[in-house]
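Heads up: the structure comes next, in C-alpha cells.
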Amino acid sequence: MNLSEKLTQGAGIAFAYAGGVAALWLGGFCTLISLIIWGIAGFSLPLGLFFGIFGLAPLGTGFWLFRRGKVLRDILKVKLQKETVRKLAFQKQGRLTPKDLARAQGWGEEKALNVLKNLAAEDPERMVLQLNYDSGEIYFDFSDILESLEARKQYQALPLSNTLGEKAVDIAMILGKTIDTFQDYVEMTRETVSHQQHEKREERYRAKIERFLDELEELKNPSSN
C-alpha cells in the first residue's frame, strides 16, 4: 500500500466522520427548532414534515456515516495485521476462532472477533465465516490455507491488499449483523422456555441469519444474480 493509497483511504474515513458530524448537527438543530415551535404553537402537518425531513433524516444519516467511518478505520487497521493472523491460521490447520487469536495476541475475545470480521470483509474470497449452531462457536475458514495444507505446501505470504472499497465496508457491516444475531441466538438457546417457544424463536433467528448470509453471497458474487 503506497502513500497515495493511504492518503486516499484516510480521506474517505475523514469524509465519513465529517459528513456524520455535519448531518448530526443539522438534524439536532432542526429537531430543537421543531420542539420549540411544537411547544409554542402545537403540532401541525407542516411542522411534522419539517421535523421528518430536516430533523430525523439527517440524524439517521449522521449515525450511519459515523458507523461507516468506524468500519473503514477498522478495516484499514487490520490490513497491517493480516499476515500475523494468516500465519496463526496456518498453525491452526486453516481454521481460526476468536479465542485462538485472542490467546495468541493477548487480546480480548471481542477485539479478536472484530479483527477477524474485518479481515474477512477485506478478503472475502479467502476467509469465510462459519457458525456452529450446536456448539455456538464462531470461526473462520481460510480457503487458500486449507488448500495449501491439503497439498502439503509451505506457508505463502500474500501481498497487502491495495484497496478499501465500498464492497469491503458493506461486507463488514453485514458480517457484524450476522455475528450479532448468531450471538443472540446462542443466548436464546440457554434460556429456560417451553419447547414450542424455543422452536419458534430458533426458527426466526436461523431465518434471519440465513438472510444475512445470502446478502453476503450476493455481495461477494454479484455476477451470479
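Would you confirm whether or not the range 62-71 contains a residue that is free of Cβ contacts under 8 Å to residues at least 60 places away in the same chain, touching a strand residue (DSSP E or B) at 6+ places or on another chain (Cβ under 8 Å) and surrounded by fewer than 18 Cβ atoms within 10 Å (Cβ to Cβ)?
So far as the range 62-71 goes, no, none of its residues is free of Cβ contacts under 8 Å to residues at least 60 places away in the same chain, touching a strand residue (DSSP E or B) at 6+ places or on another chain (Cβ under 8 Å) and surrounded by fewer than 18 Cβ atoms within 10 Å (Cβ to Cβ).
So Glu109 clears everything in (1) within 24 Å of Asp170 (Cβ to Cβ); (2) at pLDDT 85 or above; (3) out of contact with any strand residue (DSSP E or B) (no Cβ under 9 Å at 6 or more places or on another chain) except one condition, right? Which one?
Unmet condition: (1).
Quick check on the range 94-109: of everything there that is exposed (fewer than 15 other Cβ atoms within 10 Å of the Cβ) and not charged (D, E, K, R), which residue is farthest from Tyr139 (Cα to Cα)?
Taking the candidates together, the pick is Gly106.
Inspect the range 116-125 for any residue being modelled with pLDDT of 90 or more, over 21 Å from Arg206 (Cα atoms) and not basic (Lys, Arg) and give the result as yes or no.
yes
The values are calculated or read from the model by the stated rules, or taken from the named source; none is laboratory data. Given the structure is predicted, the values throughout are model-derived calculations rather than measurements. All Cβ positions, glycine included, derive from the backbone under ideal geometry; neighbour counts span all protein chains shown.
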